[in-house]
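A quick write-up on the structure given underneath.
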Amino acid sequence: MIKVLIVANNKPGQFSPFVLDQVCELQKLGVEFDFFGIDGKGIGGYLSKLIPLKKKIQQFHPDLIHAHYGLSGFLANLQREIPVITTFHGSDIHSRGMNLRISRSTAHFSAYNIYVSEWLLDLSGFKGSKKCVIPCGVNTNTFYPIDRVTARKLAEWDTGGKYVLFAGAFDNEVKNYNLAKAAIDLVPDAKLVELRGYERSQVNIVMNAANCLLMTSHHEGSPVVIKEAMACGIPIVSVDVGDVREMTDGLEGCYIAAYDANDIAHKIEQAISFEGMTSGPQQIIDKGLSNEVIAYRIFEIYNKVMELSKKV
């Protein structure tokens, strides 16, 4: 059995759902996990966790460390006894500046690097051989189609309303709420719903209740919310960010818009007018984006790094 220590940010007191979903599927493949959470801020906050991390390693005796995001990988690589696999998700690279420099250093020292999109790998500039592109998967047991009328009754929404689900919190600057608001103001009677404060099962309900999902982000890596919307079969309107174009390629009912309020508003109207469910659930299967498939690919990386470490 492979023992893996997850090193990731857990502020405010919890790990990202996509990390936990990934771990859950990998446990089914026989991997044993423990967690080391980082609640510090900035480089100083991460460096302050080095001694606690080393103590955790001594207690758990992992075979591998799997770090999520560049700063976590940077911290994990400050010890050199346990091989580190780092997954880069987006903000650790596309924000450039210090974050990009740290991420490049992390990639150099990591035993293996996972990038969630080809675009992110290209932006990183990493030329080494120990790398691959594996997007985050979607939990198809949590996200699946529900009849819209049924979903709206569960969400207590007007069954005849026009609801556009915003792909994030309004106050998250990266999500670019101002552009979304400018666009929605051009669509008569449409209401923009903030994706915030819901339990995972509730997110499935509000997604199915919405006429479409809207993403206007400045930056993304491989946004899981897009794949969740695909799994629900709802229309999607998104700017050309991260790997959204690639994920939704050929999917009728999904629209790529310019960073322009008028174009986004036009695409929202098209999405609202779209009849029925998209073939997003089938595309999730066809592209191998379910958590089960993604977990197996990561499991293969674990085994590869284990073999490489034995040869050193």
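Being charged (D, E, K, R), at negative phi and surrounded by 15 or more Cβ atoms within 10 Å (Cβ to Cβ) narrows it down to one of 199, 228, so name that one. Break it down stepwise before answering.
On the way: 199 fails: surrounded by 15 or more Cβ atoms within 10 Å (Cβ to Cβ).
The conditions single out 228.
Could you tell me which of the residues 45, 125, 97, 70 is open to solvent by less than 10 Å² (accessible area, probe 1.4 Å) and either in contact with an Asp or Glu (Cβ under 9 Å, 6 or more places away or on another chain) or of a type outside the set (Lys, Arg) (or both)? Write out each step before concluding.
Values: 45 fails: open to solvent by less than 10 Å² (accessible area, probe 1.4 Å); 125 fails: open to solvent by less than 10 Å² (accessible area, probe 1.4 Å); 97 fails: open to solvent by less than 10 Å² (accessible area, probe 1.4 Å).
Of 45, 125, 97, 70, the one residue that is open to solvent by less than 10 Å² (accessible area, probe 1.4 Å) and either in contact with an Asp or Glu (Cβ under 9 Å, 6 or more places away or on another chain) or of a type outside the set (Lys, Arg) (or both) is 70.
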Residues located in region 46-65, provided they are over 20 Å from residue 89 (Cα atoms), of a type outside the set (A, V, I, L, M) and without any contact (Cβ under 8 Å) to a residue 40 or more places away in the chain = 48, 49, 52, 54, 55, 58, 59
task = For region 142-159, enumerate the residues that are in a loop (DSSP other than H, G, I, E, B), open to solvent by 70 Å² or more (accessible area, probe 1.4 Å) and touching a residue at least 12 places away in the same chain (Cβ under 8 Å).
result = 144, 147
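Restricting to region 100-122, give me the number of residues that are under 18 Å from residue 219 (Cα atoms) and open to solvent by 30 Å² or more (accessible area, probe 1.4 Å).
Number of matching residues: 4.
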First in region 10-26 and in a helix (DSSP H, G or I), second anywhere and of a type in the set (S, T, N, Q) and buried (at least 18 other Cβ atoms within 10 Å of the Cβ), Cβ under 7 Å, 6 or more apart = 21/139; 21/291; 22/291; 25/291
query = Any idea how many residues of region 122-160 are more than 17 Å from the chain's Cα centre (by Cα), closer than 30 Å to residue 299 by Cβ and among the aromatic types (Phe, Trp, Tyr)?
reply = 2
task = Within region 48-59, count every residue that is assigned to a helix (DSSP H, G or I) and open to solvent by 20 Å² or more (accessible area, probe 1.4 Å).
result = 8
Unmet requirement for residue 81, which otherwise passes all of (1) under 22 Å from residue 297 (Cα atoms); (2) not in a helix (DSSP H, G or I); (3) not basic (Lys, Arg) = (1)
message = I need a count of the residues in region 43-78 that are within 21 Å of residue 299 (Cβ to Cβ) and hydrophobic (A, V, I, L, M, F, W, C).
response = 5
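The values are calculated or read from the model by the stated rules, or taken from the named source; none is laboratory data. This is a predicted model, so every value here is computed, not measured. Because the Cβ atoms are built from the backbone with ideal geometry, glycine has one as well, and the counts that use them run over all protein chains shown. With ligands, DNA and RNA removed, areas are computed over all heavy atoms of the protein, side chains included. Shrake-Rupley method; radii C 1.70, N 1.55, O 1.52, S 1.80 Å.
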